[in-house]
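The values are calculated or read from the model by the stated rules, or taken from the named source; none is laboratory data. Not measured: the values here are computed from a predicted model. Positions of Cβ are generated from backbone atoms using ideal geometry, with glycine treated the same way; all protein chains shown enter the neighbour counts. The accessibility values were calculated without ligands, DNA or RNA, using every heavy atom of the protein model including side chains. Shrake-Rupley method; radii C 1.70, N 1.55, O 1.52, S 1.80 Å.
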Amino acid sequence: MSTERPEQHTTDIDTAGDRSARRAVTLFPVLVLAAGATGLLLPGSFAGWGESVPYLLGVVMFCMGVTMTPQDFRGVARRPWAVALGLGAHYVIMPGLGWLIAHLLQLPPQLAAGVILVGCAPSGTASNVVTYLARGDVALSVSVATVSTLVAPLVTPPLTLLLAGEYLPVDAGSMVVDILKTVLLPVLAGLAVRLLASRCVQRALPVLPWLSAVTIGVIVTVVVAGSADAIKSAALLVFVAVVLHNGLGLALGYGAGRLTRMGEPASRAMAFEVGMQNSGLAASLATAHFSPLAALPAAVFSVWHNISGALAAAWLSRRRH
């Protein structure tokens with residue numbers, strides 16, 4: 001899910017856009033559950049919608065770009081080592097866990113490739129707001145999420161080829177082009193709009209989290225509708241895989257922060273930057289390169305990681321640093 005980033009991360013955290021983002025994150029799981037139920041109960045109503053998924057994802061990523069600021073990039077320059085650690089942990093832990101879980105649960109090839117693809121995706125942008133709710137290091141969270149998204153065209157395809165190639169053929173070159181079109185270009189376009197029309201953007205900021213949430217909901221509806229029959233037989237297995245993937249990612253991300261002595265706030269940020277994924281991108285790529293069934297883990301992850309993230313944030317916020 002793409003949500004409004006906490007603007008001026010330490011001074012203006014209570015702006016209307018941020019309050020809207022927190023509400024969107026809180027209600028997002030309910031919205032996605034409703035969207036999934038709609039796709040499951042009325043699959044015929046969304047026949048042929050699969051081709052719209054990349055364009056819908058482009059809308060989400062454009063919204064992410066609009067919420068970026070030069071401060072996000074200055075944060076990378078200030079603490080390159082911390083961002084590098086977060087980036088490395090993200091792209092090592094989650095892809096590795098996806099591959100391991102696929103083997104341990106002996107998932108069918110389509111589902112195995114889908115779980116691995118979720119692990120190879122960049123950070124989920126809702127992680128920024130969840131980090132704030134957990135009293136974590138929001139500036140680090142934003143920096144890691146930004147860089148992981150920008151490098152996704154170079155990292156996600158080869159990782160998917162390496163880890164999922166044993167299950168299904170992977171056209172890494174075509175995947176690079178798709179990520180460039182559906183992720184990088186919309187993000188850069190959104191950033192350009194933010195820089196060129198900042199006053200108009202400021203007025204629109206409270207609306208952006210809801211536009212992103214609704215768009216992700218439509219993506220989930222389309223993905224679920226495309227594999228409605230398979231869901232009935234595979235739902236439990238996929239749910240177990242997703243819960244393990246997300247839960248271990250949160251725990252190992254936090255552990256990586258503590259192990260490298262980054263401090264409690266940064267460790268909390270690491271937990272969410274590692275454990276929360278851009279499941280919309282994973283669903284789009286799975287639909288385009290594998291099958292609607294392979295997109296099922298991403299659809300389930302989209303719901304679950306927001307629920308688990310909110311619960312983890314509530315628990316961490318009550319603990320002292």
- Hey, any idea what % of the chain's accessible area is carbon plus sulfur with a 1.4 Å probe? 69
- Just grab the label-to-label distance for His103 and Leu41, each label 7 Å out from Cα along the Cβ direction, in nm (one decimal). 4.2
- Message: Over the range 204-321, with the other protein chains present, what is the accessible area per residue in square angstrom, probe 1.4 angstrom?
- Response: 37
- Note on the structure: Length gained, Val92-Phe73, 0.36 nm per residue minus C-alpha separation, equals 4.6 nm
- Task: Subtract the Cα-Cα distance of Val207 and Ile307 from 0.36 nm times their separation in residues, and report this length gain in nm to one decimal.
- Result: 33.8 nm
- Mind ranking His103, His289, His90 by accessible surface for me, highest first, 1.4 Å probe? His103, His289, His90
- Grab the DSSP H runs of the chain that are 4 residues or longer, score each as -39,500 (n - 2.57), total them, divide by all residues and round the 222 nm result to the nearest 500 deg cm²/dmol. -24500 deg cm²/dmol
- Task: Could you order Ile179, Ile307, Ile231 so the one with the most accessible surface comes first? Probe is 1.4 Å.
- Result: Ile307, Ile231, Ile179
- Query: How much accessible surface does Glu166 have with a 1.4 Å probe, in Å² rounded to 10?
  - Reply: 110
- Given the candidates Ala234, Ala204, Val32, the one whose Cα lies deepest towards the positive end of the charge dipole of the chain, counting +1 at each Lys or Arg C-beta and -1 at each Asp or Glu C-beta, is Ala204
- Task: Jot down the radius of gyration and Dmax of the range 65-141, Cα atoms only, both in angstrom.
- Result: 15.5, 45
- Protein-only accessible surface order, largest first, of Met270, Met262 at 1.4 Å: Met262, Met270
- In nm, what is the difference between 0.36 nm times the number of residues separating Asp171 and Ala235 and their Cα-Cα distance? 20.3 nm
- About the Cα centre of the range 57-172, how large is the charge dipole given +1 on each Lys and Arg Cβ and -1 on each Asp and Glu Cβ? Please answer in debye to the nearest 20. 400
- Query: What does the charge dipole of the range 224-321 about its Cα centre add up to, to the nearest 20 debye, if the Cβ of each Lys and Arg holds +1 and the Cβ of each Asp and Glu holds -1?
  - Reply: 480
